[in-house]
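Each remark here refers to the structure printed beneath this line.
The values are calculated or read from the model by the stated rules, or taken from the named source; none is laboratory data. What you see is a predicted model; the values in this text were computed from it and never measured. Here the Cβ is made from the backbone with ideal geometry for all residues, glycine too, and neighbour counts use every protein chain on show. Quick note on the areas: whole protein, heavy atoms, side chains included, nothing else; ligands and nucleic acids left out. Shrake-Rupley method; radii C 1.70, N 1.55, O 1.52, S 1.80 Å.
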Amino acid sequence: QVQVVESGGGLVQAGGSLRLSCVASGSIFSINAMGWYRQAPGKQRELVARITSGGSTNYADSVRGRFTISRDSAKNTVTLQMNSLKPEDTAVYYCNADLSTGGSRYRSTYWGQGTQVTVSS
């Protein structure tokens with residue numbers, strides 16, 4: 001069935017960079033949108049960045065100008081390039097994929113398992 005797999009999390013110093021990747025696989029008819037969400041300790045999950053099938057992007061105010069989301073449609077992959085990282089970026093980052101799948105082209109949302117990003121001061 002459909003899988004969403006993340007990679008690229010880790011530990012980085014403040015001011016550094018990190019790149020997260022997410023690959024959606026399975027019986028995918030089309031990708032409507034893919035994005036990244038994060039949940040920091042004591043905080044609710046929030047949208048970080050999202051990109052639609054048409055290439056439109058949406059960023060949280062806190063990351064705009066520092067993070068860039070991009071996609072490779074042929075590989076069903078979305079990438080989050082994170083620059084100028086701050087300690088407040090520390091969180092578990094989750095990939096989200098809004099997909100139409102199978103012969104019915106059923107539309108649903110799929111989540112990755114999450115990857116820890118830690119930014120030290």
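Structure notes:
- Matching residues, the stretch 26-42, being modelled with pLDDT of 95 or more and under 22 Å from residue 92 (Cα atoms): 33, 34, 35, 36, 37, 38, 39, 40
- For residue 64: the one exception among (1) out of contact with any Asp or Glu (no Cβ under 6 Å at 6 or more places or on another chain); (2) closer than 18 Å to residue 108 by Cα; (3) of a type outside the set (Gly, Ala, Ser): (2)
- Residues that are among the hydroxyl-bearing types (Ser, Thr, Tyr) and surrounded by 15 or more Cβ atoms within 10 Å (Cβ to Cβ), drawn from the stretch 68-83: 68, 77, 79
- Just one of (1) assigned to a loop (DSSP other than H, G, I, E, B); (2) open to solvent by 70 Å² or more (accessible area, probe 1.4 Å); (3) not hydroxyl-bearing (Ser, Thr, Tyr) fails for residue 55. It is (2).
- Taking the stretch 68-83 as the range and being among the hydroxyl-bearing types (Ser, Thr, Tyr) and in a strand (DSSP E or B) as the test, the residues that pass are 68, 70, 77, 79.
- The residue list 101, 52, 57, 90 contains one member that is closer than 21 Å to residue 121 by Cβ and of a type in the set (Val, Ile, Thr), which is 90.
- Pairs where the first residue, in the stretch 74-97, is within 14 Å of residue 112 (Cα to Cα) and at pLDDT below 95 and the second is among the aromatic types (Phe, Trp, Tyr) and surrounded by fewer than 22 Cβ atoms within 10 Å (Cβ to Cβ), C-beta under 7 Å, 6+ apart: none
- Residues within the stretch 84-121 that are assigned to a helix (DSSP H, G or I) and either open to solvent by 60 Å² or more (accessible area, probe 1.4 Å) or basic (Lys, Arg) (or both), tallied: 1
- The listed residue being outside any loop (DSSP other than H, G, I, E, B), among the charged types (D, E, K, R) and open to solvent by 40 Å² or more (accessible area, probe 1.4 Å), out of 19, 38: 19
- The stretch 2-16, subset closer than 16 Å to residue 96 by Cα and open to solvent by 30 Å² or more (accessible area, probe 1.4 Å), residue farthest from the chain's Cα centre (by Cα): 3
- Qualifying residue in the stretch 60-67 (condition: assigned to a strand (DSSP E or B), open to solvent by less than 50 Å² (accessible area, probe 1.4 Å) and touching a strand residue (DSSP E or B) at 6+ places or on another chain (Cβ under 6 Å)): yes
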